[in-house]
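Asks: Pasting a structure here, questions to come.
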There are 2 protein chains.
Amino acid sequence: MSNPLSRKLSNIASLTDEESQSISDLCERIEVVPAKTDIISEGDRPDYVHLVLEGWAARSKVLESGKRQFTAFLIRGDFCDLHVTILARMDHAITAVTNCKVAYIPSPELERLTLGNAKLTRALWWSTLVDEAVLREWIVNTGLRSAYEAVAHLICEMHFRSQMVGIVDGDTFDLPLTQEELGAATGHTPVHINRVLQKLRAAGLIDFRGGRLTVRDLDGLEEAAGFESEYFHIRSGSPLTS
Amino acid sequence: MSNPLSRKLSNIASLTDEESQSISDLCERIEVVPAKTDIISEGDRPDYVHLVLEGWAARSKVLESGKRQFTAFLIRGDFCDLHVTILARMDHAITAVTNCKVAYIPSPELERLTLGNAKLTRALWWSTLVDEAVLREWIVNTGLRSAYEAVAHLICEMHFRSQMVGIVDGDTFDLPLTQEELGAATGHTPVHINRVLQKLRAAGLIDFRGGRLTVRDLDGLEEAAGFESEYFHIRSGSPLTS
DNA sequence: CGCGTAATTGAGTCGAGTCAATACTTGTGG
DNA sequence: CCACAAGTATTGACTCGACTCAATTACGCG
C-alpha cells in the first residue's frame, strides 16, 4: 500500500497484493521536478504517462494577457496525462507548484496491466471520472460562488483528497500555495484572496500559515463552502464517508 | 455518415462503412425528451448510455440557494454519460434545453463494439478528452475572462462544435438559448448578458435572434474571445482546421 | 388579439479589481 | 550571527464590472 496510486485506488476497489505490486512496478523510472518548472508544457507530446508521487502540481492555462488560470491541482497519486498519448499535443501545461517526485510510466506497460484486469480498468476510469467531476466543481466555484465560498470549497476539496491518499495529520495538511496561486485557482486577485483568508480565520474555520492548513471547524467550513463530498464517488462504507 | 456520432468521430478517425453501420445499430432505442425536462437527474443510476442525436441539452449543478450553473452543453453526437455506469450515481443533472432526440444504448453493446476495435476505442477516448478540455476552457471563461470575452468564447465553441457535426448553415447556426441560460453557462446575470450581447452586436461580430446565431466577423469574434480551436484536437488536414 | 415568456432599459449598490505603499519571512552570503 | 534581498503578505484608498431591483417593451404562440 506504500504506492500512492494503490493507496488512492484502494478507496474504491480492494486491490490484491499482486495488483498493488504491479502498480508499484510501473513506477520504475522516477524523477524529481523542481518547483516552478513544467512537468509537461503546452504543446508537448508526452511519451510517458506521468504520475505524481510526491508534492503538488497544477494544470494551468495562460492567456496572451499573461494572466494564468489553474484548472486543477495534482497531488500524490494523481495522473498528469492518463491517455493523452491519444492526442497530438498537450493543450495546457502542468507545472510543479512544489518540488515533485514524478513517475514516468511507459504507456504500453500501463495498457498491459489494465488489459486483462477489469477491476483496475474500472478503478482508473473512476479516477478519470472524478477528475471530471472536480473540473465541474471548479466551474461552479468560479462561476457561481463568491470568493469566500470558492476558497472555502477549494480547501474542502484538497482536504478531502489529501485524506484519500493519507496525507492529513489530524486536522492539518499541506496546502503549499501562495495567495497568488490560490487566486489563480479561484479566479481572484491575491489582494482579495488575502481578505477572504482573513475572514475565514476570523470565522474560526481555519488556520493557515507556512503552507500548512489546519481545519478548525470542518462542519462550519463545509457549510460555508456548500461542500458535498459525493462527487468523489467513494464507495459507501469507506472510512472517509463515515 | 447519417449517424451523428459517426459524423463527429469522422473528424479524427476514418471510419469504414461497417463501423459507421455498427454505430448506427447501437442507436436502436430512441426517445424524445421534451425541453426543460431532465434527461438524467442528479442521483440517477443510469442503466443506459445516453447519446444526444438532436437538440440541445446542458449539464447543470444546482446549489441550495436555487442558483444553477451549467457546466457543459451537449449537442448532436455528444454522450451524456459515457462510462458513468462505473459510478454509483450521477453527481449532476442533464437537462434538455430544447426538445431532444436521445438514443439509449445498452452499455454492454457499446463495450462489445469497442472491445475488439482499437480505432473506435481511441475515437471515444478522444471525445472524452475533448470534453475535459472544454471543461477547462469553461473554467477559464468563468474565472479569467470578462463577461464579454466569455460570451464570445462560448459562441466560438458552439460554432466550432456545430461545424464538427455539420449543423452550421453558412455562417448561421442554432443557439437555442435564452439570455438566462447564457448566464447560467458563463456565470453572469441575464441582465448583464443582455448588455454584453448588445456590445457584440454593436461591434459587428454577431447577429442573434430567435435562437439562431449568425457570425458576422469570425476573426473578430475569435480575437475578442481569445479563442483557439487547438483544444478540440482535430487532426490537421481536416476541413475544419484549414 | 392577448397572455406569458423573454428581452431591454435605467438607477443605484456592492463585490472584487487596481494601484501603491508597508510589513513580514525566509534564505543567503559576508 | 546579522543584514540584506526577494518573495510574500497585509493594508488602505479608489474605481469599475457586474448585480439588484424595478419597470417597460417586444415577441411567439394559441
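The values are calculated or read from the model by the stated rules, or taken from the named source; none is laboratory data. Owing to the predicted nature of the structure, the values given are computational and were not obtained by experimental measurement. Cβ placement follows ideal geometry from the backbone for every residue including glycine, while neighbour counts extend to all protein chains displayed.
Asks: Out of the stretch B:136-153, which residues are surrounded by fewer than 22 Cβ atoms within 10 Å (Cβ to Cβ) and not charged (D, E, K, R)?
Replies: Of everything in the stretch B:136-153, those that are surrounded by fewer than 22 Cβ atoms within 10 Å (Cβ to Cβ) and not charged (D, E, K, R) turn out to be B:L144, B:S146, B:A147, B:Y148.
Asks: A further question follows. Look at the stretch A:166-208 and say how many of its residues are within 14 Å of chain B (Cβ to nearest Cβ), in contact with a strand residue (DSSP E or B) (Cβ under 8 Å, 6 or more places away or on another chain) and near DNA strand D (Cβ under 10 Å from one of its atoms).
Replies: 1
Asks: Shifting gears a bit: Could you please find all residues in the stretch B:127-169 being within 14 Å of DNA strand C (Cβ to nearest atom) and outside any helix (DSSP H, G or I)?
Replies: Across the stretch B:127-169, the qualifying residues are B:L144, B:R145, B:S146.
Asks: What pairs come out if I take residues in the stretch A:209-225 that are within 14 Å of another protein chain (Cβ to nearest Cβ) and of a type outside the set (S, T, N, Q) and pair them with residues that are assigned to a helix (DSSP H, G or I) and more than 16 Å from DNA strand D (Cβ to nearest atom) whose C-beta lies under 8 Å away, six or more apart or interchain?
Replies: A:E222/A:C156; A:A225/A:H153; A:A225/A:C156
Asks: A follow-up question, please. Does the stretch A:230-241 contain at least one residue that is more than 14 Å from chain B (Cβ to nearest Cβ) and either of a type in the set (A, V, I, L, M, F, W, C) or touching a residue at least 12 places away in the same chain (Cβ under 8 Å) (or both)?
Replies: The answer is yes; a qualifying residue exists.
Asks: If we keep just the residues of the stretch A:184-235 that are in a helix (DSSP H, G or I) and β-branched (V, I, T), which is nearest to B:V84 (Cα to Cα)?
Replies: A:T186
Asks: I'd like the full set of residues that are touching a Leu at 6+ places or on another chain (Cβ under 9 Å) and either within 8 Å of chain A (Cβ to nearest Cβ) or at pLDDT 95 or above (or both), limited to the stretch B:37-49.
Replies: B:I39, B:V49
Asks: Quick check on the stretch A:117-140. Is at least one of its residues at negative phi, within 16 Å of DNA strand D (Cβ to nearest atom) and within 14 Å of chain B (Cβ to nearest Cβ)?
Replies: yes
Asks: If you don't mind, another one. Restricting to the stretch A:50-82, name every residue that is without any contact (Cβ under 8 Å) to a residue 24 or more places away in the chain and within 12 Å of chain B (Cβ to nearest Cβ).
Replies: A:L63, A:E64, A:S65, A:G66, A:K67
Asks: Between residues in the stretch B:83-94 that are touching a residue at least 24 places away in the same chain (Cβ under 8 Å) and more than 7 Å from every other protein chain (Cβ to nearest Cβ) and residues that are surrounded by 20 or more Cβ atoms within 10 Å (Cβ to Cβ) and not in a loop (DSSP other than H, G, I, E, B), which pairs lie under 6 Å by C-beta distance while being six or more apart or on different chains?
Replies: B:M90/B:I40; B:A93/B:S60; B:I94/B:I39; B:I94/B:I40; B:I94/B:A57; B:I94/B:R59
Asks: Tell me which of these B:A103 doesn't satisfy, since it passes every other one: (1) buried (at least 19 other Cβ atoms within 10 Å of the Cβ); (2) modelled with pLDDT of 95 or more; (3) of a type in the set (A, V, I, L, M, F, W, C); (4) under 27 Å from B:V140 (Cβ atoms).
Replies: With (1) buried (at least 19 other Cβ atoms within 10 Å of the Cβ); (2) modelled with pLDDT of 95 or more; (3) of a type in the set (A, V, I, L, M, F, W, C); (4) under 27 Å from B:V140 (Cβ atoms) applied to B:A103, the lone miss is (4).
Asks: Considering only strands (runs of 3 or more DSSP E) fully contained in the stretch B:14-82, which possess at least 1 residues that are acidic (D, E)? Give the steps one after another, and end with the answer.
Replies: Numbers: elements: B:29-33, B:38-40, B:48-54, B:57-62, B:68-74.
Qualifying strands (runs of 3 or more DSSP E): B:29-33, B:38-40, B:48-54.
Asks: Something else about it: Any chance you could count how many residues in the stretch B:3-13 are in a helix (DSSP H, G or I) and within 13 Å of B:F232 (Cα to Cα)?
Replies: Within the stretch B:3-13, residues that are in a helix (DSSP H, G or I) and within 13 Å of B:F232 (Cα to Cα) number 2.
Asks: Mind listing whichever residues of the stretch B:6-40 are farther than 20 Å from B:Q163 by Cα and charged (D, E, K, R)?
Replies: B:D17, B:E18, B:E19, B:D25, B:E28, B:R29, B:E31, B:K36, B:D38
Asks: Out of (1) within 10 Å of DNA strand C (Cβ to nearest atom); (2) in a helix (DSSP H, G or I), what's the single condition that is false for B:P176?
Replies: (2) is the only condition that B:P176 fails.
Asks: Separate question: Going by what's in this entry, would B:A152 be described as within 20 Å of B:A224 (Cα to Cα), within 11 Å of DNA strand D (Cβ to nearest atom) and at pLDDT 95 or above?
Replies: No.
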